[in-house]
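First up is the structure itself, then whatever we jot down about it.
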Amino acid sequence: MFLLDSEYSDLATPSGAMRTHVFRPAAPGRYPGVILYSEIFQVTGPIRRTAAQLAGNGFVVAVPEIFHEFEPLGRVLEYDSAGADRGNWCKINKPLAAYDSDTRAVIDFLKVHPQCTGKLGSMGICIGGHLNFRACFEPEILAGVSFYATDLHKLEAHPRGLGLGMADDSLERARKKAVHGELLMIWGRQDPHIPSEGRRQVYEALEAGDANFQWLEFNAAHAFLRDEGARYNPVLAQQCIQIVVELFKRKLGEGDLHTVAIGNQNSRH
């Protein structure tokens with residue numbers, strides 16, 4: 001594990017400045033980069049702790065504020081009905097192209113970050129899982145992880161979609177072989193937001209597009225990774241993070257340093 005530093009940068013995007021929180025090893029050296037996409041509540045305590053877990057395993061983790069067009073920089077939405085209503089409003093009122101240009105801004109930022117090797121992955125949770133799915137259309141993303149990605153499927157009984165008009169093309173692009181790198185999809189079978197028929201749509205799109213992907217389903221609810229609330233499953237969350245770290249180290253590499261002694265920043269190569 002690594003001692004950590006954190007800061008933020010306000011990145012320029014076509015739709016305005018986007019605050020991006022960076023969690024990274026404090027030890028000198030260069031490490032692979034990971035984009036972490038949040039839930040609709042933006043960069044909450046649980047998201048920050050997830051970012052710190054990844055950074056502690058030797059990654060430079062960039063966490064963008066996904067609704068920077070609508071909320072003041074630094075705003076965190078509460079885990080309550082008002083926060084959910086606001087986040088869901090932002091989700092379907094932000095143009096799809098703005099989500100994609102945000103991803104491009106973070107990729108370009110990490111590629112030249114002085115502590116990043118330039119080998120990049122991404123991970124997302126809930127809406128962030130969908131944003132990770134789309135990030136994997138970018139050739140720089142060598143590995144991506146989606147936790148219970150919402151609004152990917154399209155069912156008549158459950159209108160879904162990402163962005164203004166809820167008319168995203170995510171599955172259509174996946175069917176046309178747009179997914180680069182290796183993709184890991186993680187689901188809770190008791191998640192009411194993504195029923196089995198919806199998950200089947202996603203699986204079939206990835207199969208049709210000959211994607212390199214892994215698929216894990218667990219007996220768990222939506223938000224089982226979030227370390228607040230009744231749906232949190234700490235044992236499963238720990239297991240999943242271990243799987244994620246294995247994927248990122250396998251696809252992105254270890255970086256310059258392998259171990260750092262607790263209490264100082266001496267390194268062993």
Return yes when A62 is surrounded by fewer than 17 Cβ atoms within 10 Å (Cβ to Cβ) and either free of Cβ contacts under 8 Å to residues at least 12 places away in the same chain or within 18 Å of the chain's Cα centre (by Cα) (or both) and no when it is not.
no
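Results for (1) hydrophobic (A, V, I, L, M, F, W, C); (2) at negative phi; (3) within 18 Å of the chain's Cα centre (by Cα), shown as yes or no for each residue.
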{"residue": "P95", "(1), (2), (3)": "no, yes, no"}
{"residue": "T103", "(1), (2), (3)": "no, yes, yes"}
{"residue": "L120", "(1), (2), (3)": "yes, yes, yes"}
{"residue": "G128", "(1), (2), (3)": "no, yes, yes"}
{"residue": "P139", "(1), (2), (3)": "no, yes, yes"}
{"residue": "R160", "(1), (2), (3)": "no, yes, no"}
For the stretch 26-37, indicate whether the set of residues that are farther than 19 Å from A149 by Cβ, under 13 Å from the mean Cα position of the chain (by Cα) and not basic (K, R) is non-empty.
yes
Can you spot a residue in the stretch 140-147 that is in contact (Cβ under 8 Å) with a residue 60 or more places away in the chain and touching a Phe, Trp or Tyr at 6+ places or on another chain (Cβ under 7 Å)?
yes
D5 is checked against (1) crowded, with 24+ Cβ neighbours inside 10 Å; (2) free of Cβ contacts under 8 Å to residues at least 40 places away in the same chain and fails just one. What number does that condition carry?
(1)
With L120, L54 as the choices, which residue is in contact (Cβ under 8 Å) with a residue 40 or more places away in the chain and under 19 Å from V179 (Cα atoms)?
L120
Applying the selection to the stretch 66-105, what residues are in a loop (DSSP other than H, G, I, E, B) and aromatic (F, W, Y)?
F67, F70, Y79
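Yes/no per residue for (1) outside any strand (DSSP E or B); (2) aromatic (F, W, Y); (3) surrounded by fewer than 24 Cβ atoms within 10 Å (Cβ to Cβ):
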residue: S15; (1), (2), (3): yes, no, yes
residue: H21; (1), (2), (3): no, no, yes
residue: P28; (1), (2), (3): yes, no, yes
residue: G33; (1), (2), (3): no, no, no
residue: L36; (1), (2), (3): no, no, no
residue: I40; (1), (2), (3): yes, no, yes
residue: V43; (1), (2), (3): yes, no, yes
residue: I47; (1), (2), (3): yes, no, yes
residue: A51; (1), (2), (3): yes, no, no
R175 - would you say it is without any contact (Cβ under 8 Å) to a residue 40 or more places away in the chain and surrounded by 24 or more Cβ atoms within 10 Å (Cβ to Cβ)?
no
Qualifying residue in the stretch 158-169 (condition: surrounded by 16 or more Cβ atoms within 10 Å (Cβ to Cβ), within 30 Å of Q242 (Cβ to Cβ) and charged (D, E, K, R)):
no
Under the condition of being of a type in the set (A, V, I, L, M) and assigned to a helix (DSSP H, G or I), which residue from the stretch 106-150 is surrounded by the most Cβ atoms within 10 Å (Cβ to Cβ)?
A135
When you go through D210, D227 one by one, which is the residue that is part of a loop (DSSP other than H, G, I, E, B), on the phi > 0 side of the Ramachandran plot and at pLDDT 95 or above?
D210
G74 passes all but one of the listed conditions (1) crowded, with 17+ Cβ neighbours inside 10 Å; (2) under 27 Å from H222 (Cα atoms); (3) of a type outside the set (F, W, Y); the exception is number (1)
Checking G87 against (1) closer than 17 Å to A149 by Cα; (2) in contact with a Cys (Cβ under 6 Å, 6 or more places away or on another chain); (3) among the small types (G, A, S), which test does it fail?
(2)
If you go through D5, D108, the only one that is at pLDDT 95 or above and either farther than 24 Å from L247 by Cα or more than 14 Å from the chain's Cα centre (by Cα) (or both) is D108
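The values are calculated or read from the model by the stated rules, or taken from the named source; none is laboratory data. No experiment lies behind these values; they were computed from the predicted model shown. No Cβ is skipped: glycine too gets one built from the backbone with ideal geometry, and neighbour counts run over all protein chains shown.
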